[in-house]
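I'd like to ask you about the structure that follows.
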Amino acid sequence: MTRRALITGITGQDGSYLAEHLLGLGYEVHGIVRRVALEDPARRFNRLAHVLERLTIHPASLESYASLFSIFSRHEFDECYHLAAQSFVAESFADGFSTLNTNINGTHYMLAALRELQPGCRFYFAGSSEMFGKVAEVPQNEETRFHPRSPYGISKVAGFDLTRNYREAYGMFCASGILFNHESPRRGFEFVTRKITSTVARIKAGLADELRLGNLDARRDWGHAADYVRAMRLMLVRDESDDYVVATGGTHTVREFCERAFARAGLDWERHVRVDERFYRPAEVDLLVGDSSKARRELGWEPRYNFEQLVDEMVDADLRAVMGDKKEA
Ligand code: G4F
């Protein structure tokens, strides 16, 4: 029987890779998007343009329990991937209230509506390494204590706790992935990796000369989003629900990302990168590196991309995009 999946956040980086992955496995894929997105399809669905005709899109808002209830009362799902969130950490410092409202209530509404109407639907929650924050140990695994350092991280800890509580209190199949940073050519421009690779391309094309960044010493465990969405599904096809760290286990500084990205385009990063205090955060998460041995052992998951392949793919894609734009201009 064809399995039917619902994805919140389907227009984002992870949502688009997950939709492709599930379609490739023969799933019927549905997505929730806000009504405003439907009014601007060319921009909002750009990551999904190649598969859009194969998807069923429902207008709904994570801020409205009634709109989610309405979808679950009309359509039955086998699996629900809850990816939608305000996911930019820096923005969560600027507007903590709306990050907490959207991320916590949105997750709670999803779980409550499922419990009411489809308690048998399997639920995936997009947890984050930001939950570890001021890390208690290195590397971090499923047992590591949470100490979030941003409103975003706090909202993800609450979502994680809600998800576990629905599993324990109501016996629902609820799993959380604790995903470390995952990037790709579809990453939003506000995140540091895409900010770097898109600016590298603009510098190479002569459209910009400098790149202003914050903390170059921050370290992240960067993987590829296409690898990480495979882990999400593997969590939902197990006999029992559980929580898993998904990470490469490798760590690099923002400086090292710059070095590799500029070199890929034949540029010297030190000639173009400037440190700008405006991009520092009130509280930083300095050393995130994940121990994903449980996911590798129990899910049979492992990443296919390494750090260098990830950076090169992102730079190459941005170079192609900028050169294409220049030709058209
Ligand atoms: O790319 P970032 O903005 O990602 P961050 O904060 O690690 O969060 C991402 O990964 C999380 C998983 O751990 C997700 F949960 C979250 O939703 C998001 O996807 O920043 C990475 C690092 C930070 O330490 C930041 O201080 O890069 C540093 N950085 C230095 N200069 C910068 C900049 N970050 C941004 N966005 N812009 C800068 O100019």
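All of the numbers you see were taken from the coordinates with simple rules; none came from a lab. On a predicted model such as this, the values are computed, not experimentally measured, just so you know. Reconstructed Cβ throughout: ideal geometry from the backbone, glycine too, with neighbour counts over all protein chains shown.
Looking at the chain as a GNM with Cα springs under 10 Å, which of ALA226, ALA169, ALA37 has the largest mean-square fluctuation?
Taking springs between Cα atoms under 10 Å, the residue moving most is ALA169.
Another question, if that's okay. Which residue, ALA49, ALA247, ALA158, tops the fluctuation ranking in a GNM of the chain built on C-alpha contacts under 10 Å?
Comparing ALA49, ALA247, ALA158 in a Gaussian network model of the chain, the most mobile one is ALA49.
Also: Between ASN46 and LEU267, what is 0.36 nm times their sequence separation minus the Cα-Cα distance? Round to one decimal in nm. Please report the intermediate quantities before stating the final value.
On the way: separation 221, 0.36 × 221 = 79.56 nm, distance 2.94 nm.
This chain segment gains 76.6 nm when fully extended.
Once both axes come from the Cα atoms, what is the angle between helix 307-328 and the longest principal axis of the chain, in degrees from 0 to 90, rounded to 10?
On a 0 to 90 degree scale, this one is about 70.
May I have the extent of the alpha carbons of the chain along their three principal axes, as whole Å values ordered from largest to smallest?
Result, largest extent first: 58, 48, 38 Å.
Moving to a separate point now. List every residue whose amide H lies under 5 Å from the amide H of ALA126, counting only residues 5 or more places away in sequence or on a different chain, with H placed 1.01 Å from N in the peptide plane.
HIS82
Hey, in the GNM for the chain with a 10 angstrom Cα cutoff, which one of TYR27, TYR65, TYR170 fluctuates hardest?
Evaluated over the chain, the most mobile residue of the options is TYR170.
Only sites in a loop by DSSP and with at most 14 other Cβ atoms within 10 Å count here; which chymotrypsin sites (Phe, Trp or Tyr not before Pro) in the stretch 183-227 make the cut?
Numbers: sites: PHE189, PHE191, TRP222; in loops: PHE189, PHE191, TRP222.
Here the sparse-neighbourhood loop sites are PHE189.
Between LYS134 and residues 5 or more places away or on another chain, which pairs have amide H atoms under 5 Å apart, with H built 1.01 Å from N, and which residues are they?
Those lying under 5 Å, H to H, from LYS134 are HIS147, ARG149.
Roughly what angle does helix 192-204 make with the longest principal axis of the chain, taking Cα atoms, 0 to 90 degrees, to the nearest 10?
In the chain, helix 192-204 runs at an angle near 40 degrees to the longest axis.
Turning to a different aspect of this structure: Tell me, what is the FRET efficiency for LEU25 and SER293 to the nearest 0.05, using R0 = 25 angstrom and their Cβ-Cβ distance as r? Provide the component values of the computation, followed by the final result.
Numbers: r = 25 Å, r/R0 = 1.01.
E(calc), rounded to 0.05, equals 0.50.
Follow-up. ³J(HN,Hα) across the stretch 232-238 via Karplus (A = 6.51, B = -1.76, C = 1.60, θ = phi - 60°), whole Hz, x for Gly/Pro?
4, 5, 4, 5, 8, 10, 7
Moving on to the next point. Starting from the 7 Å offset along Cα-to-Cβ, what nm value, one decimal, do you get for the label separation of ARG212 and VAL275?
Going by the 7 Å Cα→Cβ label model, 1.6 nm.
For q = 0.14, 0.21 Å⁻¹, what log10 I(q)/I(0) does the stretch 201-329 give under the Debye formula with an equal point scatterer on each alpha carbon and no solvent?
Reported log10 I(q)/I(0), two decimals: -0.77, -1.19.
Report, to the nearest 10°, how far helix 13-24 tilts away from the longest principal axis of the Cα atoms in the chain, using its own Cα long axis and a range of 0 to 90°.
So the inclination is approximately 60 degrees.
Now for a different question. What list do you get for SER87, SER16, SER67, SER98 if you sort them by fewest beta carbons within 10 Å?
On the way: SER87 23, SER16 26, SER67 18, SER98 14.
Exposure proxy ranking, most exposed first: SER98, SER67, SER87, SER16.
Could you give the nm distance between label points at THR2 and THR56, where each point is 7 Å from its Cα heading toward the beta carbon?
It is 0.8 nm.
Which order results if GLU79, GLU298 are arranged by neighbouring Cβ count within 10 Å, fewest first? Kindly include the intermediate steps, with their values, before the conclusion.
On the way: GLU79 22, GLU298 13.
Fewest to most other Cβ atoms nearby, the residues stand as GLU298, GLU79.
Find out how many positive minus negative residues lie around TYR152, taking Lys and Arg as positive, Asp and Glu as negative, among other residues whose Cβ is under 10 Å from that of TYR152. Kindly include the intermediate steps, with their values, before the conclusion.
Values: positive: ARG149, LYS156; negative: GLU91, GLU130.
Value of the local net charge: 0.
Report the gain in length on full extension from GLU91 to GLU308: 0.36 nm times residue separation, minus Cα-Cα distance, nm rounded to one decimal. Please list the in-between numbers first.
Values: separation 217, 0.36 × 217 = 78.12 nm, distance 2.83 nm.
Result: 75.3 nm gained on full extension.
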